[in-house]
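> First, the structure itself, so that you have it in front of you.
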Amino acid sequence: MTSLHRLYIGGAWVEGASVARNVNPSDLDDVIGEYAYADRELTRRAIEAARAAAPAWKASGIQQRADILDRIGNEILARREELGRLLSREEGKTLAEGIGEVARAGQIFKFFAGECLRPGGEALPSVRPGIGVEITREPVGVVALITPWNFPIAIPAWKIAPALAYGNCVLFKPADLVAGSAWALAEIISRAGVPAGVFNLVMGRGSVVGETLLEAPEVDAVSFTGSVETGRHIAAVCAASMKKFQLEMGGKNPLVVLDDADLDNAVSCAIQGAFYSTGQRCTASSRLVVTAGIHDRFVEAMIAAMKDLVVGHALEEGTQIGPVVDQNQLDQDLRYLEIGRQEGAKLAFGGRVLERPTRGFFLEPALFVETRNDMRINREEIFGPIASVIRVADYEEALAVANDTRFGLSSGICTRSLKHAAHFRAHAEAGMVMVNLPTAGVDYHVPFGGRKASSYGPREQGRYAAEFYTTVKTAYALPL
Ligand code: NAD
């Protein structure tokens, strides 16, 4: 028996135009639930509800917003085990990772509860005597938030929380594969005291719900996280209608390992960064750029560590690597394993599809060696538990290879050299730099985002989120 989870539009739970099922990638016989999908008409209804609610929400007090966000954060944190289990069940990351992600979502809401009470503003004298100038921030208005499947609750949280905190009305369109976490989050928000129409959940297809949101003149801004391909399309549609937009997209993140690195730490950073969360992270370390003096020892230690990785059902105790999210993603991973072989890369370990007691998409983490940075496996985002080692002569070549990519999200270095660490921090062409840390794994109170094809527009998270979710007003006054 599965229960039907409805849409949330204008403060009411609403039947969808169709229904979709959500299945556990660790166990294909486990149906998680049935979720209502909106069509264009229902999406329009949500847009109208948000538009109607916008003036009152803009005028609402900061204490009201802070209380609401605090309540949401508290409930998420209190239910982290249960929600973490749901998340792992539908997305496939391990239970520890699922619970960690839920906790982060709760903390994000609490962070932005505090931000409600710290609205920025400036009062300046004018260059013309007697006139005062005041700079304030106002809500953008109605925002569409379009999210991917790989962080089913944290990414929605880091868009919804600042959107509400700064006084915007929300149209939340989650990814199809993870409707369960999205619905659970929406249900919590629906009981937190948010006025009708301020927050709406519109589950459904990107080509239907997503497109309707992009095309609607009543939508003022779009915040998107997902693939480069979809991001490009969103940018074109939004630019044509002068909507504000923000894009967080793919990565091909390098982890540089220098001769003087602590080998154990470098291997631990590479294993965590490349394979945890099944490598399905935009910040995953998919290119391991290793200098010649440590190369062979690093590869040997990586293979030894990979042999010990436990791949299995996401909810099973002891599992370190859960399943790939679905058949499409598994096919893509296997395709890239074949492309790598054809390009002449050597598969040093892994890459087998594994059998487990339950039917699922289990893939053994894979390591390519003897690869060149111009190979497709090092140019294109694979989004699976597959990493390549690129051998380089020295630090200078390592930096050049690290930066030689169309992406620029996260860039890491393992070294004991203060000089090289400082140089890398200054010259890595990425939004985030990690020294002796994995490229993935970030805090919730500081900005997140990248450069080049990885990101477009202002940063997300932390106080920097205000850039996107507010618009600046400069007011001049002559007291008479
Ligand atoms: P995707 O682009 O396929 O889908 C993302 C969202 O866009 C989904 O909700 C989808 O339904 C919607 N969508 C699809 N077509 C649309 C359209 N025409 N109009 C409007 N919306 C549409 O991405 P995905 O497969 O869900 O996620 C994986 C990708 O996300 C990877 O490339 C990964 O790197 C990226 N990602 C980036 C970050 C980051 O912050 N940089 C974080 C997580 C994931």
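> Taking the range 403-460 as the search range and keeping residues that are among the acidic types (D, E) and assigned by TED's automatic domain parsing to the domain that holds G279, which one is farthest from the chain's Cα centre (by Cα)?
It comes out as D404.
> Six or more apart or on different chains, Cβ under 8 Å: which pairs go from a residue in the range 234-251 that's more than 10 Å from the ligand (Cβ to nearest atom) and part of a loop (DSSP other than H, G, I, E, B) to one that's open to solvent by 20 Å² or more (accessible area, probe 1.4 Å) and not aliphatic (A, V, I, L, M)? Could you list them?
Listed pairs, sorted by first residue: S241/E215; S241/P217; K243/D220.
> Any residue at all in the range 196-206 that's more than 20 Å from T470 (Cβ to Cβ), open to solvent by 40 Å² or more (accessible area, probe 1.4 Å) and over 20 Å from the mean Cα position of the chain (by Cα)?
Looking for residues that are more than 20 Å from T470 (Cβ to Cβ), open to solvent by 40 Å² or more (accessible area, probe 1.4 Å) and over 20 Å from the mean Cα position of the chain (by Cα), one finds at least one in the range 196-206, hence yes.
> Moving to a separate point now. Got a number for residues in the range 133-152 being away from the ligand (no atom under 16 Å from the Cβ), of a type in the set (V, I, T) and over 15 Å from A466 (Cβ atoms)?
Summing the residues that are away from the ligand (no atom under 16 Å from the Cβ), of a type in the set (V, I, T) and over 15 Å from A466 (Cβ atoms) in the range 133-152 gives 1.
> Does at least one position in the range 122-131 carry a residue that is open to solvent by 80 Å² or more (accessible area, probe 1.4 Å) and under 20 Å from R463 (Cα atoms)?
Among the residues of the range 122-131, at least one is open to solvent by 80 Å² or more (accessible area, probe 1.4 Å) and under 20 Å from R463 (Cα atoms), which makes the answer yes.
> Take the range 389-408 and flag every residue that is among the charged types (D, E, K, R) and open to solvent by less than 10 Å² (accessible area, probe 1.4 Å).
Hits for the range 389-408: nothing passes.
> Just checking, does the range 32-40 include any residue being assigned to a helix (DSSP H, G or I) and either of a type outside the set (K, R) or in the same structural domain as E215 (by TED's automatic domain parsing) (or both)?
Yes, the range 32-40 contains at least one residue that is assigned to a helix (DSSP H, G or I) and either of a type outside the set (K, R) or in the same structural domain as E215 (by TED's automatic domain parsing) (or both).
> Does V299 satisfy the condition of being open to solvent by less than 50 Å² (accessible area, probe 1.4 Å), more than 10 Å from the ligand (Cβ to nearest atom), at pLDDT 95 or above and of a type in the set (A, V, I, L, M)?
Criteria met by V299.
> Just to be sure, is F151 in contact with a strand residue (DSSP E or B) (Cβ under 9 Å, 6 or more places away or on another chain), buried (at least 24 other Cβ atoms within 10 Å of the Cβ), outside any loop (DSSP other than H, G, I, E, B) and of a type in the set (F, W, Y)?
Spelling it out, it is not the case that F151 is in contact with a strand residue (DSSP E or B) (Cβ under 9 Å, 6 or more places away or on another chain), buried (at least 24 other Cβ atoms within 10 Å of the Cβ), outside any loop (DSSP other than H, G, I, E, B) and of a type in the set (F, W, Y).
> Follow-up question, since we're still on this one. Tell me, yes or no, whether the range 266-288 has at least one residue that is among the β-branched types (V, I, T), within 14 Å of the ligand (Cβ to nearest atom) and assigned to a helix (DSSP H, G or I).
Within the range 266-288, one or more residues are among the β-branched types (V, I, T), within 14 Å of the ligand (Cβ to nearest atom) and assigned to a helix (DSSP H, G or I).
> Consider V102 against the criteria (1) without any contact (Cβ under 8 Å) to a residue 12 or more places away in the chain; (2) surrounded by 23 or more Cβ atoms within 10 Å (Cβ to Cβ); (3) of a type in the set (V, I, T): it satisfies all of them except one. Which criterion is unmet?
Of (1) without any contact (Cβ under 8 Å) to a residue 12 or more places away in the chain; (2) surrounded by 23 or more Cβ atoms within 10 Å (Cβ to Cβ); (3) of a type in the set (V, I, T), only one is false for V102: (1).
> Follow-up question, since we're still on this one. R85: touching a helix residue (DSSP H, G or I) at 6+ places or on another chain (Cβ under 7 Å), surrounded by 15 or more Cβ atoms within 10 Å (Cβ to Cβ) and over 25 Å from F224 (Cβ atoms), yes or no?
Yes, satisfied.
> Could I ask something else about it? Please verify whether the range 79-96 includes one or more residues that are closer than 26 Å to D443 by Cα, hydroxyl-bearing (S, T, Y), in a helix (DSSP H, G or I) and modelled with pLDDT of 95 or more.
Looking through the range 79-96, at least one residue is closer than 26 Å to D443 by Cα, hydroxyl-bearing (S, T, Y), in a helix (DSSP H, G or I) and modelled with pLDDT of 95 or more.
> Something else now. Which of the residues that make up the range 440-480 are open to solvent by 40 Å² or more (accessible area, probe 1.4 Å) and assigned to a helix (DSSP H, G or I)?
R463, Y464, E467
> Now, a different point. Take A46 and decide whether it is open to solvent by 20 Å² or more (accessible area, probe 1.4 Å), in a helix (DSSP H, G or I) and on the phi < 0 side of the Ramachandran plot.
In short, no.
The values are calculated or read from the model by the stated rules, or taken from the named source; none is laboratory data. Keep in mind the model is a prediction, meaning the values are calculated, not measured. Using ideal geometry, Cβ is built from the backbone for each residue, glycine included, and neighbour counts are taken over all protein chains shown. Remember, those area values only see protein heavy atoms, side chains included, never the ligands or the DNA or RNA. Shrake-Rupley method; radii C 1.70, N 1.55, O 1.52, S 1.80 Å.
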